[in-house]
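K.L.:
Dropping the structure in here first, questions after.
What follows draws every value from the coordinates through simple rules; no lab data is involved. Just so we're clear, the structure is a prediction, and the values are computed from it rather than from any experiment. Note that we place each Cβ from the backbone using ideal geometry, even for glycine, and neighbour counts take in every protein chain shown.
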Amino acid sequence: MKDDKYYMNIALQQAEIAAENGEVPVGSLLLLEDGTELISSNAPISLHDASAHAEMRVIRQACTVTNNYRLNGSTLYVTLEPCTMCAGAIVHARIKRVVYGASDPKTGAVESLYQILSDDRLNHQPEISGGVMAEQCGDLLKRFFRSRRKKR
C-alpha cells in the first residue's frame, strides 16, 4: 500500500529537478480522488512567473485534467510548507488534505508563520500533516542554498 512517504519521495524527485534547473528545490504531487497522480516542480525563475510555485503548477494541472476548479477529495504532497499564495489556492480548490515536508519559518502559511489552512474564518480547512520526511526535504534546501552562496 502506498503511504505518505511514498508520495513525498516522488515530490522530492521533483524538487531535485527544480534544483537542477536552478530553481529553489520544491516539488509537489497531487493525488486526485480517483487515484490519478500529477507532479510538478518549482519554476518561477525559468517561467518568469512569480506564481509558478510547485503547488500552484500542480493545482493548475489538476484543474485542467478534471475540468473543474474544485479538487475535492485530493491530497497535495509538497516538500516545503506552502506560502500564503499557495495556501489560498489550496483553500479555493477545496483540497482535502495537505502533506508537507520541511517547515518554512520565513514564509510558511500552514503552521510556521501563518495558519491559513486551519483558520476557521475561511470556508474550507484541509487536513494537515506536516513534517513528513522533513529532514530529507530540509537537507535538499540547505544543500541548494549552500551551493548558491559558494558561487558568489
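K.L.:
Filter the cross-link list 5/96; 5/150; 2/106; 2/96; 96/150; 106/150 down to pairs whose alpha-carbon distance in this structure exceeds 29 Å.
P.N.:
5/150; 2/106; 96/150
K.L.:
So how do 72-78, 120-126, 103-109, 91-97 stack up, highest first, on mean other-Cβ count within 10 Å?
P.N.:
Highest to lowest by the protection proxy: 72-78, 91-97, 103-109, 120-126.
K.L.:
Quick one: dipole size for the chain, taken about the Cα centre, charges +1 on Lys/Arg Cβ and -1 on Asp/Glu Cβ, in debye to the nearest 20.
P.N.:
640
K.L.:
Could I ask something else about it? Per DSSP helix of 4 or more residues, -39500 (n - 2.57); summed, then divided by the residues of the chain. What does that give at 222 nm, rounded to the nearest 500?
P.N.:
Here the helix-only value at 222 nm equals -12500 deg cm²/dmol.
K.L.:
Relative contact order (percent) for the stretch 4-145, with alpha-carbon contacts under 8 angstrom and 6 or more residues of separation?
P.N.:
Taking the mean separation of contacting Cα pairs over the length of the stretch 4-145, I get 21 percent.
K.L.:
Provide the per-residue ³J(HN,Hα) series for the stretch 28-37, in order, calculated from phi with Karplus coefficients 6.51, -1.76, 1.60 and θ = phi - 60°, each as a whole number of Hz, with x at glycine and proline positions.
P.N.:
9, 9, 10, 9, 6, 4, 7, x, 5, 10
K.L.:
To the nearest 0.05, how large is the calculated FRET efficiency for residue 33 and residue 107 if R₀ is 30 Å and r is the Cβ-Cβ distance?
P.N.:
0.55
K.L.:
Let me ask you something else. For the stretch 65-98 and the stretch 1-55, what is the centre-to-centre distance using only Cα atoms, to the nearest Å?
P.N.:
What the calculation gives is 13 Å, centre to centre.
K.L.:
Just to confirm a number: summing +1 for Lys and Arg and -1 for Asp and Glu over residues other than residue 57 whose beta-carbon lies under 15 angstrom from that of residue 57, what do you get?
P.N.:
Surrounding charge for residue 57 is -3.
K.L.:
With the cut-off at 1.5 for a/c, could you classify the stretch 46-100 from its C-alpha gyration tensor as rounded, prolate or oblate?
P.N.:
oblate
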